[in-house]
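Student: So that we are looking at the same thing, I have put the structure below in structure tokens.
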């Protein structure tokens, strides 16, 4: 009886996992050709994404050097052109993903995932953060 009971618990656990809400990130990208004088932070500000997400996507590591003519993949911001949307929040000085998450009742890890913000999860004033709704997996 015990093996059958354990098997039933295992099946029940696996079925419950099938209904866990997981945020889905749209993997859409654009490209950008680096110009003289460009830095990752400047490019990131142009596209409303974090410089870390550009670096990670393009396998650029410390010291984060880029070259004129280099073509970079840029993750598309979910808030591009939607500065007045209720789904987008403009980061202000002192904000963290954690306190934004508390304000909007969204787990900070979900905010990081849907906004392509890699560790160490840094955000900057003026950056637009997409705020998913509960039905999109925010809990």
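Every number in this text was worked out from the coordinates using simple rules, so none of it is lab data. Predicted model only: the values in this text are computed from it and were never measured. Cβ sites come from the backbone with ideal geometry, for glycine too, and all protein chains shown count toward neighbours.
Student: Give the separation of the Cα centroids, segment 37-83 to segment 93-125, in Å.
Tutor: Computed from Cα coordinates, the inter-centre distance equals 18 Å.
Student: Separate question: Answer rounded, prolate or oblate for segment 26-136, using the Cα gyration tensor with square roots of eigenvalues a ≥ b ≥ c: rounded when a/c is under 1.5, else prolate when a/b is larger than b/c, else oblate. Mind dumping the intermediate values first?
Tutor: Values: a/c = 1.99, a/b = 1.83, b/c = 1.09.
It is prolate, given that a/c is not under 1.5 and a/b is the larger ratio.
Student: How high is the FRET efficiency between residue 34 and residue 102 when r is their beta carbon distance and R₀ equals 41 Å, given to the nearest 0.05?
Tutor: On the way: r = 37 Å, r/R0 = 0.90.
After rounding to 0.05, the efficiency reads 0.65.
Student: Let me ask you something else. Using the basic label-point model (7 angstrom from Cα toward the beta carbon), what is the residue 64 to residue 90 distance in nanometres?
Tutor: 2.3
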